[in-house]
Amino acid sequence: MQCKKDEMVFGIKRAMPIVMGYIPVGFALGVMAADAGLSPLQMGLMSLLVYAGSAQFIAVDLLGSGVSAVPIIITTFLVNLRHFLFSASLAPHFRQIKQSFIPIISFFLTDESFAVSITDAEERPLTHVYYFSLYITAYSSWVFSTIIGAALGNLIPDTKALGFDFALPGMFLALLCMQLKNAKFVLIALISGFLSIFFMYTIPGNWNVILATIIAAMIGVFISHEN
Amino acid sequence: MKIDLNYIYLVLAMGLVTYLPRMLPATLLSKQKIPEVFVKFLSFVPTAVLSALLFPGVLTVENKLNIGISNPLFVAAVLTFPLAYKTKNMFATVLLGMGIVILHNIFV
């Protein structure tokens, strides 16, 4: 029992930087949704069922400009396609947990929850208790902050002055540092980072992260074979 | 509060197309052996994803490249890097960086 409790506390603790990042971003999305004419209930429903930051921003923007359902659904699919890489990367680590939990746990995969859990999974085997604690803590903070943002609208103070916009980049930075095991990984990190910026300017439609990741990881495979 | 049925169908569809790529690889691949080359590929994915998310976040401001002292997130990332690299502590990195951003907003 103690062990389960420890895993839960660990999962919740690891979610804290994600929560700090999600709350201001969730507020911002909620405010934007209210401007686009969505009610807090509609906002909450979208966050509950979709749970994907950038796709929701785009969807709210498209809804606000009166775009019809099919293009919104297609855009959501394309923007969220990168999750299949996260899902595939976690698959070997999911071998240790009960198979019937996998379809439930994988619902909660986001950039942030993936980044934290893959780092922890590479350290040691993790139980479903850890995944549920980490993922549901992050998920709840997202759902609630978007609803509050939509309900309170412009009453939300400017969180930028308080430095909250560094929460997610700061977390990514620390997690990236944990990945830099040798020069090969440093090189892949630099290639992927600059490719991501390059694609951001050259290819419209949020393809930069997925393209940069695939190309950089393929280069990683090639340079591993050279040695 | 009334919710339009069309809106419910819309978010259900958005949820489904988001859920499938999240769920299918984990569910299918966790049961079988993954080819060696794909395992190698996946070993680089966390590094590549983190970098692909981090770089645009701290090197651009409102979609414009800004690698300089006027960009608070860039300054915070550079200054917290030694701490992040040495301690690998997410929370300390985030808190120090937020402090730097606050100071930057006040003084720069």
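The values are calculated or read from the model by the stated rules, or taken from the named source; none is laboratory data. Computed from a predicted model, the values in this text were never measured in an experiment. Here the Cβ positions follow ideal geometry from the backbone for every residue, glycine too, while neighbour counts run over all protein chains shown.
Quick grid of which residues meet (1) closer than 25 Å to B:LEU12 by Cα; (2) among the aliphatic types (A, V, I, L, M); (3) not assigned by TED's automatic domain parsing to the domain that holds A:GLY170:
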| site | (1), (2), (3) |
| --- | --- |
| A:ASP6 | no, no, no |
| A:ALA15 | no, yes, no |
| A:GLY26 | yes, no, no |
| A:ALA34 | yes, yes, no |
| A:PRO40 | yes, no, no |
| A:SER47 | yes, no, no |
| A:SER54 | yes, no, no |
If A:ALA150 passes every condition in (1) surrounded by fewer than 24 Cβ atoms within 10 Å (Cβ to Cβ); (2) outside any loop (DSSP other than H, G, I, E, B); (3) more than 16 Å from the chain's Cα centre (by Cα) but one, which one does it miss?
-> (1)
Filtering region B:1-41 down to residues that are of a type in the set (A, V, I, L, M), part of a helix (DSSP H, G or I) and over 18 Å from A:ASN80 (Cα atoms) yields B:LEU5, B:ILE8, B:LEU28, B:LEU29, B:VAL37, B:VAL39
Kindly check whether there is at least one residue in region A:155-173 that is touching a Gly at 6+ places or on another chain (Cβ under 8 Å) and farther than 28 Å from B:VAL78 by Cα.
-> yes
Could you please give the count of residues in region A:100-140 that are in a helix (DSSP H, G or I), at the interface with another protein chain (Cβ under 8 Å from one of its Cβ atoms) and in contact with a Lys or Arg (Cβ under 7 Å, 6 or more places away or on another chain)?
-> 3
Quick one: would you say B:GLY57 is in a helix (DSSP H, G or I) and either in contact with a strand residue (DSSP E or B) (Cβ under 7 Å, 6 or more places away or on another chain) or surrounded by 19 or more Cβ atoms within 10 Å (Cβ to Cβ) (or both)?
-> yes
Failed item, numbered, when A:GLN99 is tested on (1) closer than 14 Å to B:PRO25 by Cα; (2) under 22 Å from the mean Cα position of the chain (by Cα) | (2)
Which members of region B:93-108 meet the condition of being at pLDDT 90 or above, surrounded by fewer than 16 Cβ atoms within 10 Å (Cβ to Cβ) and of a type in the set (A, V, I, L, M)?
-> B:LEU103, B:ILE106
Give region A:209-227 a look and list any residue that's crowded, with 16+ Cβ neighbours inside 10 Å and more than 7 Å from chain B (Cβ to nearest Cβ), or say none.
-> A:ILE210, A:LEU211, A:ILE214, A:ILE215, A:ILE219
Filter region A:48-67 for residues that are in a helix (DSSP H, G or I) and either free of Cβ contacts under 8 Å to residues at least 60 places away in the same chain or touching a Lys or Arg at 6+ places or on another chain (Cβ under 8 Å) (or both) and give the result.
-> A:LEU49, A:ALA55, A:PHE57, A:ALA59, A:VAL60, A:ASP61, A:LEU62, A:LEU63, A:GLY64
For B:PHE81, work out the one condition from (1) among the hydrophobic types (A, V, I, L, M, F, W, C); (2) more than 27 Å from A:ALA167 (Cα to Cα); (3) at pLDDT 95 or above it doesn't fulfil.
-> (2)
